[in-house]
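Asker: Following this message is one structure expressed as C-alpha cells.
The values are calculated or read from the model by the stated rules, or taken from the named source; none is laboratory data. As the structure is a prediction and not an experimental result, all values here were calculated from the model. Cβ placement follows ideal geometry from the backbone for every residue including glycine, while neighbour counts extend to all protein chains displayed.
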Amino acid sequence: MSLITSLSRTSEKRDSKVNIFVSVVNKIYFWLIKITGFTMKYFIIEIIYTVPLEEIEKTTLEHRTFLRTLYDKNLILLSGPKVPRVGGIVIARAESVEYAENLFKDDPYKKKGLAEYRFIEFKPLNHQEFVKDWIELEKN
C-alpha cells in the first residue's frame with residue numbers, strides 16, 4: 001500500500017468519525033430544542049451589493065470564509081449569488097431576527113460597507129425529506 005493510499009484511508013476514517021460526531025451533536029441539539037420548547041426562526045437573507053462588482057470580488061473569498069463559519073454552526077442551509085450578480089441569497093435559521101442581524105454584522109461585505117442586508121422571516125411548512133434534520137416544524 002502506498003503512503004498516499006494509507007493517508008487517504010486515514011483521512012476517510014477521520015472524516016467518517018467527524019461526520020458521525022456532528023450527526024450525534026445535531027440529534028442532541030434537536031432533542032434539547034424539543035424538550036425545552038425552543039423554536040428557531042427561519043430567514044431568507046437578501047444581500048444587496050452597494051458597490052460595483054469589481055469591489056465585491058476583492059472581498060468574495062473573505063465573505064465565503066465567513067459563511068463557512070455559519071455553515072459549521074449549522075445555521076445556514078444554502079447560499080449563493082443572485083443572477084445577475086447584484087447580490088446574494090442565504091437561507092438561514094436563528095433564534096430571532098436580531099440574532100441573525102447580529103451574526104451578519106461580521107460579514108466582510110457588511111464590515112467594509114459593500115452591501116446591505118434584508119432579513120425576511122418565514123415559517124417552513126413543507127420541505128424535502130433530505131432537509132428534515134435541519135428544519136424543525138412546529139406541530140400544533
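Asker: When the residues of segment 97-110 are filtered to those that are in contact with a helix residue (DSSP H, G or I) (Cβ under 9 Å, 6 or more places away or on another chain) and not acidic (Asp, Glu), which remaining residue is surrounded by the most Cβ atoms within 10 Å (Cβ to Cβ)?
Answerer: At the first step, the residues of segment 97-110 found to be in contact with a helix residue (DSSP H, G or I) (Cβ under 9 Å, 6 or more places away or on another chain) are 103-110.
Cutting the leftovers down to not acidic (Asp, Glu) gives us 103-105, 108-110.
Numbers: Leu103: 18, Phe104: 21, Lys105: 9, Pro108: 18, Tyr109: 25, Lys110: 17.
The qualifying residue surrounded by the most Cβ atoms within 10 Å (Cβ to Cβ) is Tyr109.
Asker: Oh, and also: Failed condition for Phe130, given (1) outside any loop (DSSP other than H, G, I, E, B); (2) touching a Lys or Arg at 6+ places or on another chain (Cβ under 9 Å), with all others met?
Answerer: So the condition that Phe130 fails would be (2).
Asker: Please specify each residue of segment 72-92 satisfying the condition of being at pLDDT below 95, on the phi < 0 side of the Ramachandran plot and of a type outside the set (A, V, I, L, M).
Answerer: Asp72, Lys73
Asker: Pick out, from segment 36-115, the helices (runs of 4 or more DSSP H) lying fully within it that include 2 or more residues that are assigned by TED's automatic domain parsing to the domain that holds Gln128 and within 21 Å of Val25 (Cβ to Cβ). Steps first, answer last, please.
Answerer: Working: elements: 53-57, 60-72, 97-104, 108-111.
Counting at least 2 such residues, we get 60-72, 97-104.
Asker: Output the number of residues of segment 60-104 satisfying the condition of being within 30 Å of Phe21 (Cβ to Cβ) and basic (Lys, Arg).
Answerer: Residues in segment 60-104 being within 30 Å of Phe21 (Cβ to Cβ) and basic (Lys, Arg): 4 in total.
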